[in-house]
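Structure record follows, encoded as structure tokens.
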Amino acid sequence: MKKIAFFDTKPYDKIYFDKYKDEFGFEIKYFESKLNPDTAYIAKKFDAVCAFVNDDLGKETVKELDEAGIKIIAMRCAGYNNIDFKEAYGKIHVVRVPAYSPYAVAEHTMALLLCLNRKIHRSFNRTREYNFSLNSLIGFDLYQKTIGIVGTGKIGQTFINICKGFGLNVIAYDPYPQKNSDIQYVTFDELCEKSDIISLHCPLTKETHHIINEKSIEKMKKGVYILNTSRGSLIDSEALLNALKTKKIGAAGLDVYEEETEFFYEDFSYKIISDDVLAGIIAMPNVIITSHQAFLTHEALKNIAYVTLSNLSHYFKGEFLENEICYKCQKGDKCERAKGKRCF
């Protein structure tokens with residue numbers, strides 16, 4: 001029976017991984033600590049590691065895992081910008097869960113928009129104190145407003161369908177447009193200029209890092225709403241805070257934050273937050289931040305567990321790794337996966 005070292009464990013992780021582990025014949029040891037250079041040594045007694053989006057899988061961690069004899073890292077998420085693939089290539093295979101529930105993330109994005117627009121968060125706090133005043137709770141009709149979608153993968157497309165149901169006028173930007181679709185694509189500059197609401201659903205790359213920055217914000221309409229349920233570093237947080245202060249940005253709904261690794265998924269309610277930018281953004285009455293919970297539905301957790309364990313099962317059986325991430329693919333080089341083989 002193969003043993004898996006499961007890092008950054010939360011109670012909800014165990015529900016479905018425990019449900020399916022016997023089906024695949026795995027023994028899982030859960031660790032609350034994140035995977036990083038200081039904890040990688042734990043993997044020495046295991047056959048594989050399972051990591052999450054905020055674990056540190058940089059060069060030093062990969063070296064430690066390699067020295068521990070680990071040959072596969074199973075990411076229980078879609079994102080993988082926290083991995084040093086150059087260091088891992090030829091040593092450790094990396095697999096992921098490419099799509100566990102686009103509906104979960106897309107629906108959460110709409111929930112943020114509706115809550116922000118209709119001031120539900122503020123109304124909730126008021127009525128708990130028996131304050132039934134409607135002052136400063138005015139929203140706007142979503143109908144016929146223009147929403148700009150950045151990234152039209154599975155989540156972006158799902159969110160577009162939801163937006164159309166509300167009668168929103170949808171425009172989109174993606175360097176790789178969907179073929180044979182009815183999506184109205186525009187340039188990123190045009191999207192910034194025309195949108196009443198901008199929602200980010202693209203991966204984090206060198207090109208998209210801080211795609212929302214001081215310059216792009218300048219091109220936006222005054223009072224624009226910004227939504228981000230993708231990756232924190234798509235937004236320059238200082239630029240966002242400044243634009244909120246000047247009212248250039250009317251509101252922001254964020255499920256991610258570029259420096260979230262230190263804070264998200266943990267309880268800091270009895271501590272002073274050292275990140276002044278995060279503290280400043282949270283303090284804004286027109287901002288809602290959720291701690292990377294957009295994926296958190298029963299359906300998504302079920303799919304994450306099943307696909308993650310399936311990926312590991314395929315590896316140990318010597319089978320093709322459909323969900324493997326390859327360094328050569330990232331570089332655009334020829335890869336053995338194109339021939340139905342593993343990356344190396």
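The values are calculated or read from the model by the stated rules, or taken from the named source; none is laboratory data. These numbers come from a predicted model, not from an experiment. Positions of Cβ are generated from backbone atoms using ideal geometry, with glycine treated the same way; all protein chains shown enter the neighbour counts. Remember, those area values only see protein heavy atoms, side chains included, never the ligands or the DNA or RNA. Shrake-Rupley method; radii C 1.70, N 1.55, O 1.52, S 1.80 Å.
Quick notes on this one:
- Apolar share of the accessible surface for the stretch 108-199: 51 percent from carbon plus sulfur atoms, 1.4 Å probe.
- Per residue accessible area in Å² of the chain, where ligands, DNA and RNA are left out and the probe is 1.4 Å: 51 Å²
- Radius of gyration and Dmax over the Cα atoms of the stretch 10-94, both given in Å: 12.6, 34
- Using a Förster distance of 25 Å, the FRET efficiency for PHE31-ALA283 (Cβ separation, nearest 0.05): 0.15
- A Stokes-Einstein calculation at 20 °C with viscosity 1.002 mPa s, built on the Kirkwood radius of the chain over Cα pairs, returns a diffusion coefficient of 99 µm²/s.
- Net charge of neighbours whose Cβ lies under 13 Å from the Cβ of GLU218, counting Lys and Arg as +1 and Asp and Glu as -1: +1
- For the residues PRO98, PRO175, PRO203, a GNM of the chain with alpha-carbon springs under 10 Å puts the largest fluctuation on PRO175.
- Each of LYS164 and GLU299 was given a label point 7 Å from its Cα along the Cα-to-Cβ line. The distance between the two points is 1.8 nm.
- Length added when fully stretched, ILE183-ILE273, from 0.36 nm per residue minus Cα-Cα: 28.2 nm
- Share of carbon and sulfur in the accessible heavy-atom surface of the stretch 1-95 [1.4 Å probe, %]: 46 percent
- Ordering of 123-132, 86-95, 25-34 by packing is 86-95, 25-34, 123-132, highest average first (other Cβ atoms within 10 Å, averaged per residue).
- Amide N proximity, the stretch 68-100 versus LYS10 label position 7 Å along Cα-to-Cβ, cut-off under 14 Å: 76-78
- Multiplying the residue separation of LEU137 and ASP18 by 0.36 nm and subtracting their alpha-carbon distance yields 38.4 nm.
- q = 0.13 Å⁻¹, the stretch 165-226: log10 I(q)/I(0) [Debye, one scatterer per Cα]: -0.37
- Dividing the C-alpha radius of gyration of the stretch 188-344 by 2.2 N^0.38 Å, with N its residue count, gives 1.30.
- Label-zone membership for the stretch 217-239, site THR146, 7 angstrom Cα→C-beta point, backbone N under 20 Å: 217-228
- When the chain is treated as a Gaussian network with alpha carbon springs shorter than 10 Å, the biggest mean-square fluctuation among ILE272, ILE162, ILE211 belongs to ILE272.
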